[in-house]
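Presented below is the structure to which this report refers.
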Amino acid sequence: MSRPAPGSSGSGVEASFLASARRWVPPVRGIALVVISLFGLLAVPNEALPLGFALLGLVLVGSAVDCWAGFTGRGAALSLAFAVVRVVAVCVTQEWTGGPANLWALNMLTTTAITLQWEWSPAVAVPVTVGMLAVDLAVVGAGAVGTLVPRLFFECLLARLGFVLLRRSGARVDRLRERRSALTRAEAVSLARHRQEREYLALLHDTAASTFLLVTVQGKDLAPDQVAAYARRDLAVLTGAAGGATAQDSPVDLTASLRTVAARAGLAVEVRADGAPRVPASVALAFVRAAREALVNVERHAGVDRAALEVRREGDRVVVVVADSGAGFHPEEVARVRRGIRGSVVERMAAAGGGATVTSCPGAGATVRMVWPGE
C-alpha cells in the first residue's frame, strides 16, 4: 500500500505539504471520530448503552493509533486497519444503537472516507471506501443508495480535488522558486564573467595596448632595450608574475602590496604610508592594479621621472593617492575609446566597491585619488 506521494522527499513546498498531510490527517481523523462518537453515544437507547460504550472504547483505541501513526511516521497500515474496523463496527451495530437512520454510522463513514483521500493514493482509498460503503448499504438496505452514494461520491471527489490542487500549487511554487534560483545563478555568472572580461580588457590596456601606443607615438625616441623592458614587464603582468589574482579574499597588508608596485615601477616613487591598513585581497588587487596603471601613465605621459604614492585611512575609508608634477592634461577631454584612466582605474575601483577620481590640468601635474569605503 502506498500513500499519495510515495517516495516524495526534499524541502520544497510540495514536499512540506505532503509531509504535513501524512503527519496531521490521522490525528485529525482520530479526534473527529471521538467527537462524533460522543454525540452518537447520546442517542443510544438505554438498553444498548453497553454496546455504545464498547464502540466508544474501540474508537478511542483507534484514535490513539491514529495519533501515534501521524506523529511518529510509523504504523500507517495499522491506522488504516483501525479506521476500517471502526466504521464497520459502528455500521453493523447501528440497528441496535439507533436504528437504520443512525447518523453516528453515516458521519463515521464520510469522515473516514474523506480523510483517506488526503492520506492514501486512489489505489488504496477507492477500494477501501467502496468496501465500507458496501457494508453500510448492506445494513441499511438498498433504499439508501440514492442518497448515500451521491453524497459520499461528491464528498470524496471534492476532498481528492482539494488535495490535488494544493499539491500542484506547491509543485508550481517549487518550480517558480527553482526558476528564480536558476535566473539568479545565471545573473551572478553573467556578472562575474562581465567583471572578468572588464578586468581582462583593463589588463590588456595596462600592458600590451599601452606599449603599442607608446611605440607608435614615440617610436623614434625609444631605445630598443627600453621597449624590450616594457614588453618583459607586460608579459609578467599578463602571466600573473606581477600581482595576479588572489585565490582567497583574506585581509592583506595594502601598504606592503603598494610598496612592491612602487619598487617595480619604471620611475622613482616616494611612498608615504599612514599605518598599515588591511583590506580584502580582492580590494588590494584592485588598488595594486589601479595604482600600477597610474604610475605607468606618469612614466609614459607626464614627462617626469618621479611620483608620489600615499596610503592613509580616513575613518573607515582607505585612501590611496598617486600624484606627479608633470605635464598634466584635461581629464574631460580624454576620448572615450581611451581606457587608461576610465577602465583601468575608475571602473576597476568601482568593481571593487570603491571609487576613483582624477584631478589634473596642463602644466600642473595629475592626482589620482582612489577610495575604498571599508567593510
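The values are calculated or read from the model by the stated rules, or taken from the named source; none is laboratory data. The model shown is predicted, which means the values in this text are computed figures rather than measured ones. Positions of Cβ are backbone-derived with ideal geometry, glycine not excepted, and every protein chain shown enters the neighbour counts. To get the accessible areas, we keep the full protein, side chains included, count just its heavy atoms, and leave off ligands, DNA and RNA. Shrake-Rupley method; radii C 1.70, N 1.55, O 1.52, S 1.80 Å.
Numbers at a glance
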| quantity | calculated |
| --- | --- |
| Sole exception among (1) in contact with an Asp or Glu (Cβ under 9 Å, 6 or more places away or on another chain); (2) modelled with pLDDT under 75; (3) among the acidic types (Asp, Glu) for Asp249, by number | (1) |
| Single residue of Ala159, Ala125, Ala113 found to be in contact with a Phe, Trp or Tyr (Cβ under 7 Å, 6 or more places away or on another chain), assigned to a helix (DSSP H, G or I) and closer than 23 Å to Val34 by Cα | Ala159 |
| Within the stretch 117-131, considering residues that are among the hydrophobic types (A, V, I, L, M, F, W, C) and free of Cβ contacts under 8 Å to residues at least 40 places away in the same chain, the one surrounded by the most Cβ atoms within 10 Å (Cβ to Cβ) | Ala125 |
| Whichever residue in the stretch 54-75 is open to solvent by 70 Å² or more (accessible area, probe 1.4 Å) and in a helix (DSSP H, G or I) and, among such residues, is nearest to Trp24 (Cα to Cα) | Phe71 |
| Number of the condition not met by Glu347 [criteria: (1) open to solvent by less than 60 Å² (accessible area, probe 1.4 Å); (2) in a loop (DSSP other than H, G, I, E, B); (3) not hydrophobic (A, V, I, L, M, F, W, C)] | (2) |
| Val145 being open to solvent by 40 Å² or more (accessible area, probe 1.4 Å), among the aliphatic types (A, V, I, L, M) and over 40 Å from the mean Cα position of the chain (by Cα) | yes |
| Only listed residue being of a type in the set (A, V, I, L, M, F, W, C), out of contact with any strand residue (DSSP E or B) (no Cβ under 7 Å at 6 or more places or on another chain) and without any contact (Cβ under 8 Å) to a residue 12 or more places away in the chain, chosen from Ala134, Ala105 | Ala134 |
| Residues of the stretch 61-92 that turn out to be of a type in the set (Gly, Ala, Ser) and free of Cβ contacts under 8 Å to residues at least 24 places away in the same chain, as a count | 2 |
| Some residue of the stretch 95-107 being β-branched (Val, Ile, Thr), assigned to a helix (DSSP H, G or I) and closer than 26 Å to Leu41 by Cα | yes |
| Residue in the stretch 310-324 that is touching a helix residue (DSSP H, G or I) at 6+ places or on another chain (Cβ under 6 Å), open to solvent by 30 Å² or more (accessible area, probe 1.4 Å) and touching a residue at least 60 places away in the same chain (Cβ under 8 Å) present | no |
| Verdict on Arg313 being more than 22 Å from Gly363 (Cα to Cα) and in a strand (DSSP E or B) | yes |
| The stretch 36-53 - residue that is under 15 Å from Glu95 (Cβ atoms) and open to solvent by less than 90 Å² (accessible area, probe 1.4 Å) and, of those, nearest to the chain's Cα centre (by Cα) | Gly40 |
| Matching option when the condition is modelled with pLDDT of 90 or more and closer than 21 Å to Val140 by Cβ, among Leu55, Leu80 | Leu55 |
| Enumeration of residues in the stretch 249-289 that are among the aliphatic types (A, V, I, L, M), open to solvent by 20 Å² or more (accessible area, probe 1.4 Å) and part of a helix (DSSP H, G or I) | Ala256, Ala263, Leu285 |
| The lone exception for Arg292 - which of (1) closer than 19 Å to Val345 by Cβ; (2) surrounded by fewer than 19 Cβ atoms within 10 Å (Cβ to Cβ) it fails | (2) |
